[in-house]
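Have a look at the structure below before the remarks.
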Amino acid sequence: MFIMRNCYTSVHSFLLVYFQEELQQTRFHWDEYQQNFMLGCFFWGYLCTELPGGRLAEIIGARRVFGYSMLAASIITVVTPAAANLSYIAVIILRVLLGLMLGATWPAIHPMTARWIPPMERSQFISNMMASSLGAAITMPVCGYLIASLGWESVFYVTGVVGLLWSIAWFLVVFDSPAQHPRISNKERLFIENAIGSTTSHGKVRN
């Protein structure tokens, strides 16, 4: 899940650095201040939703918070080339919105972890989840290939569409707790709930 999340962060930062290095060969005449502004403004939004994201996931469910945040980030990614052609202010606005969306994802996943992952397996799950830099490791060379072959805009279109498909899959296969999952077996559900305990596994989430 965090492969896609880090993918968007890497794509936007990678392309802005690319603009900076190839300024003389592009139609975007952004000075150094504007480019640094666009790189940094992502974190304005990111910082604003770090704390609310976790609490919101406890209230309405991590499935919604994480899923809709990634869906919105995918849409933002797809429309970024159009914003770049409009003005650098439009890019800044989208970057702030992207930060707002992705800032909520990291804390949102922890309430879901508490309801799904047995205590004895939780450290292994968190370790695997923290290895989300795999997304950046995969995305960077792919970005380079797409830029060389199809142009810089293709990076946003390809990763944005992948994100949209990922978001659809998320809502089809992910649920906030074992009790809410329509396809889980009774044996697996009871195993998870007994391992975690009734308090966390039956935590209330608003429908």
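Every number here is computed from the coordinates shown, using simple stated rules; none is lab data. Because the structure is a prediction, the values reported are computed rather than measured. For neighbour counting, all protein chains shown are included, and Cβ atoms are generated from backbone atoms with ideal geometry for every residue, glycine included.
Report the net charge of residues surrounding Val173, where surrounding means a beta-carbon distance below 15 angstrom and charges are Lys +1, Arg +1, Asp -1, Glu -1.
Surrounding charge for Val173 is +1.
So how strong a dipole does region 54-207 carry about its Cα centre when Lys and Arg Cβ are +1 and Asp and Glu Cβ are -1, to the nearest 20 debye?
The calculated dipole for region 54-207 is roughly 380 debye.
Using r as the Cβ-Cβ distance of Ala137 and Val162, and R0 as 22 Å, what FRET efficiency do you calculate, to the nearest 0.05?
According to the calculation, E is roughly 0.90.
Just grab the label-to-label distance for Gln124 and Ala82, each label 7 Å out from Cα along the Cβ direction, in nm (one decimal).
Simple spin-label model gives 4.6 nm for this pair.
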